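Let me begin by handing over the structure; questions about it come next.
The values are calculated or read from the model by the stated rules, or taken from the named source; none is laboratory data. Keep in mind it's a predicted model, so treat the numbers as computed, not measured. Using ideal geometry, Cβ is built from the backbone for each residue, glycine included, and neighbour counts are taken over all protein chains shown.
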Amino acid sequence: MHIVHVASEMAPIAKVGGLADAVTGLAKAQQKRNHVSVILPKYSLLSLDAKEIRLDMQFPCEKKRISYDVRVFHTEIEKIPVYLIETSPLLDHFYEQKIYLGTKRDSERFIYFCKTVAEYLIRKNQEIDVLHLHDWHSALMAPLVKEVYLSLKVLVKSVALSIHNLAYTGKFSLSDLEEIHYPLTHTECFSSKGFFFTYYSLMRGGLGLCDALVTVSPGYAKEILTKKYACGFVDLLEKRRDSISGILNGIDEELWDPEKDLLIPHRFPKNASLDEILLAKRNNKRALQKRLGLQEEGRPLIVCISRLADQKNPELMKNGLIFATKQFAQGILLGTSPLKKKQAHFEKLAKTYEHHPHLRFIPLFSNELSRWLYAAADFLFMPSKFEPCGLTQMIAMKYACVPIVHHIGGLKDTIFDPRYEKDSKKVNGFYFTKSSFSIAKETINYALDVWKKDRCKTLIENGMSASYSWDAPAKKYEAIYKQIVAKNRPLEK
Ligand code: GLC
């Protein structure tokens, strides 16, 4: 099949969160059996060699009342062909050293991006079996293909949308669409009823018009059909129930392998004996304690490795870690917040606990330190308010670190607690059913008790031996693609 992904992120070149890893992981696995490429905005922060593809694409620019040339570049990431789209040299959409600006301008940037992708695909004039969109940033492609550009409708056999996070709805104002000459007779698909007034959401356009909607875990697929997690789309999603499915993301098992990880001091293969694994982990812990100036005692270590976005519940991370260290554990939090105020709060905590014997707050992004934490820690604490999939719990298990999670979304699909799960081959972590401190602390206590009694071994073994590669999810996506392509095939005359 010819599959084209359109996305705002792709690891490792343009990454903010798990979306970037998912796009690369899925495309890489699909490439073994299909013809796959990825289209991204040409952010100026990308420092890579890319060849310009000469195209005659002149767009009128209303704002500046002149026409301009649009450029497209080609490169390869992980052997996947990647096309980088420059929107307008005059409006400098992707000029900033950031992927998202977090302001109203984001909708304008991605509206221009989608429009340019559509024009590019028309000029390229190649048949595409599946145009695969990711979240609100590329969701506008669905109405562009299905309702606006007839020539694109002929080229693109089907459109799929992966829902990585419904909470980002891509609100915008109609004047942004006017600028790209989008016919305002086709805006019904974006219109959402708020409490007091109607607003427009790019995500809604994708949710209403894509042939398949795929959430990044089966658990999240069920949750988005409830008012609490539907982010205002519950009626529409109910109508589209038959087109919704959930496929659990994978992780790149070559990238997250404690045997080959050059950034950790003591490596360990997954087929080593448990004693050898635990010895390597203890050595990693000791080295980490030295590095961070923590007291070196035989305490269990709990870590949080996360963006400190509201979704991830950073306040509960903080309270959980402080609580754990008041028992007999050590705690470390690593991560940054997109919000200045939150970041400042965690910087202050870092200062407060700078010399604490058992607790550290490290408000930084560090791939290197994160790997060290997985390799040293006994537990990963993940109290997310909601979690479409979550990748860190899967990575943690590969590094013999036991997850303690809120039972929600993808965490529900991946973590099985011995208190509730009878199948001893499945149990691999602990969970609590409400993202609140009073409930979470009971589970932290319970996990620490299991550690004290030296009964974590089955959990570690099960977690390490399970496969989370992208091969199985890629096959499931392929099955959905086949259905939607077949459904859209024109009837034979
Ligand atoms: C988003 C979700 C996260 C998921 C990731 C990749 O970041 O919040 O749960 O793992 O996308 O799909």
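Restricting the search to region 321-349, which residues are within 24 Å of the chain's Cα centre (by Cα) and small (G, A, S)?
G335, S337 - these are the residues of region 321-349 that are within 24 Å of the chain's Cα centre (by Cα) and small (G, A, S).
Checking Y229 against (1) closer than 30 Å to S467 by Cβ; (2) touching a strand residue (DSSP E or B) at 6+ places or on another chain (Cβ under 7 Å); (3) in contact (Cβ under 8 Å) with a residue 60 or more places away in the chain, which test does it fail?
Just one mismatch for Y229, condition (2).
Now for a separate question. I'm trying to understand the selection: among the residues of region 131-182, which are away from the ligand (no atom under 14 Å from the Cβ), in a loop (DSSP other than H, G, I, E, B), over 18 Å from Y199 (Cβ atoms) and touching a Gly at 6+ places or on another chain (Cβ under 8 Å)?
The answer is none; no residue qualifies.
Continuing with the same structure: Which count do you get for residues in region 87-100 that are at pLDDT 85 or above, over 16 Å from S138 (Cβ atoms) and not basic (K, R)?
Total satisfying the criteria: 3.
Quick check, is L263 farther than 23 Å from V405 by Cα and in contact with a helix residue (DSSP H, G or I) (Cβ under 7 Å, 6 or more places away or on another chain)?
Answer is yes for this residue.
Go through the residues of region 297-311 one by one and say whether even a single one is of a type outside the set (A, V, I, L, M, F, W, C), assigned to a helix (DSSP H, G or I) and under 30 Å from A167 (Cα atoms).
Yes, that holds for at least one residue.
Let me ask you something else. Considering every residue within region 282-305, establish whether at least one is in contact with a Ser or Thr (Cβ under 7 Å, 6 or more places away or on another chain) and within 16 Å of the ligand (Cβ to nearest atom).
Looking through region 282-305, at least one residue is in contact with a Ser or Thr (Cβ under 7 Å, 6 or more places away or on another chain) and within 16 Å of the ligand (Cβ to nearest atom).
Residue by residue through region 160-193, note down the ones that are out of contact with any Leu (no Cβ under 9 Å at 6 or more places or on another chain) and closer than 15 Å to A7 by Cα.
Y168
If you check every pair at least six apart or on different chains, which have Cβ atoms under 7 Å apart with a residue in region 160-181 that is more than 27 Å from N488 (Cα to Cα) first and a residue that is of a type in the set (S, T, N, Q) and within 16 Å of the ligand (Cβ to nearest atom) second?
Cβ pairs passing all conditions: A167/Q311.
Checking the structure you have, find out if any residue of region 123-130 is surrounded by 21 or more Cβ atoms within 10 Å (Cβ to Cβ) and either within 28 Å of I53 (Cβ to Cβ) or more than 16 Å from the ligand (Cβ to nearest atom) (or both).
yes
Just to be sure before I move on: is Y120 more than 20 Å from C189 (Cβ to Cβ), of a type outside the set (V, I, T), surrounded by 14 or more Cβ atoms within 10 Å (Cβ to Cβ) and within 16 Å of the ligand (Cβ to nearest atom) in the structure I sent?
no
Conditions: (1) under 24 Å from N34 (Cα atoms); (2) buried (at least 21 other Cβ atoms within 10 Å of the Cβ); (3) not aromatic (F, W, Y). V154 meets all but one. Number of the miss?
Just one mismatch for V154, condition (2).
Inside region 377-465, counting only helices (runs of 4 or more DSSP H) that do not spill past its ends, which hold 1 or more residues that are acidic (D, E) and within 16 Å of the ligand (Cβ to nearest atom)?
409-414
Tell me which residues, restricted to region 208-236, are within 16 Å of the ligand (Cβ to nearest atom), aromatic (F, W, Y) and in a loop (DSSP other than H, G, I, E, B).
Residue satisfying the conditions is Y229 alone.
Taking region 1-33 as the search range and keeping residues that are over 18 Å from F110 (Cα atoms) and surrounded by fewer than 17 Cβ atoms within 10 Å (Cβ to Cβ), which one is farthest from the ligand (Cβ to nearest atom)?
H2
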